[in-house]
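Undergrad: One structure is given below, represented as structure tokens, and several questions about it will come after.
The values are calculated or read from the model by the stated rules, or taken from the named source; none is laboratory data. Computed from a predicted model, the values in this text were never measured in an experiment. Quick reminder, even Gly has a Cβ in these numbers, built from the backbone with ideal geometry, and neighbours come from all protein chains shown. Heavy atoms of the whole protein, side chains included, go into the accessibility calculation; ligands, DNA and RNA do not. Shrake-Rupley method; radii C 1.70, N 1.55, O 1.52, S 1.80 Å.
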Amino acid sequence: MMRGSAFSNLSTGEILLPVRPLYIALTLVAALLLNLTPLIGWVLVLRPDFVALTLLYWGIHQPRKVGFLPAFLLGLAVDVADGSLFGQHALAYSVMMFSAIALHRRVAMFGLRHQMLHVLAILLLMQVIVLVVRAAAGGEYPGWWYFFPSVIGALLWPVTRFLFTIPLRSRRDRDEV
């Protein structure tokens, strides 16, 4: 069970080391930089929202350390970087973070496949919010391909989970083996 700043991976039973706030901040900055990489064509269409995926991970696994403020501020940064309607990503990330925090115990109990389904639903909700705000401002429907990044993000959930927990795994002492 989650206690203090250490957390366990409930689906595998592995107990992880405490998460440092600097590590969380570095992963969020890295995700923002990945979102800012200039891409064109189908690669841009298939690129998941790395900021959303990272916020979702920390919202599920560390809800007491990452809350609404980082989600809102990163949403504003994404809006400025994309040149999109100011506040649409901030709203979407805040609602996504609320969903992650509200469901964090439930999602952590499930196996990887069921976690991916929860992540897909939350990422789709985030994209629908961005789409509704864009439509309310007079934007057009971009097409069904608009939802590909949510599917790719859900497929990347196991990789994200694995990569973010590498520094949190305890080092085994060679004398104990």
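Undergrad: Any chance segment 54-73 includes a residue that's over 16 Å from residue 21 (Cα atoms), of a type in the set (Gly, Ala, Ser) and touching a helix residue (DSSP H, G or I) at 6+ places or on another chain (Cβ under 9 Å)?
TA: no
Undergrad: Only one of 131, 120 is in contact with a helix residue (DSSP H, G or I) (Cβ under 6 Å, 6 or more places away or on another chain), in contact (Cβ under 8 Å) with a residue 12 or more places away in the chain and within 28 Å of residue 85 (Cα to Cα). Can you tell me which?
TA: 120
Undergrad: Tell me which of these residue 89 doesn't satisfy, since it passes every other one: (1) in a helix (DSSP H, G or I); (2) modelled with pLDDT under 95.
TA: Answer for residue 89: the failing condition is (2).
Undergrad: Continuing with this model, one more query. Taking segment 92-116 on its own, how many of its residues are over 24 Å from residue 37 (Cβ atoms), in a helix (DSSP H, G or I) and of a type in the set (Phe, Trp, Tyr)?
TA: 1
Undergrad: Give the residues of segment 153-168 that are open to solvent by 50 Å² or more (accessible area, probe 1.4 Å) and in a helix (DSSP H, G or I), sorted by residue number.
TA: Result: 155, 159, 162, 163, 166, 167.
Undergrad: The conditions are (1) open to solvent by less than 60 Å² (accessible area, probe 1.4 Å); (2) part of a helix (DSSP H, G or I); (3) without any contact (Cβ under 8 Å) to a residue 40 or more places away in the chain, and residue 126 fails exactly one of them. Which is it?
TA: Here residue 126 clears every test but (3).
Undergrad: Give the residue that is farthest from residue 15 (Cα to Cα), with candidates limited to residues of segment 102-128 that are among the β-branched types (Val, Ile, Thr) and at pLDDT 95 or above.
TA: Of everything passing the filter in segment 102-128, 128 is farthest from residue 15 (Cα to Cα).
Undergrad: Do you know which residues across segment 108-123 are under 13 Å from the mean Cα position of the chain (by Cα), aliphatic (A, V, I, L, M) and open to solvent by less than 30 Å² (accessible area, probe 1.4 Å)?
TA: 119, 122, 123
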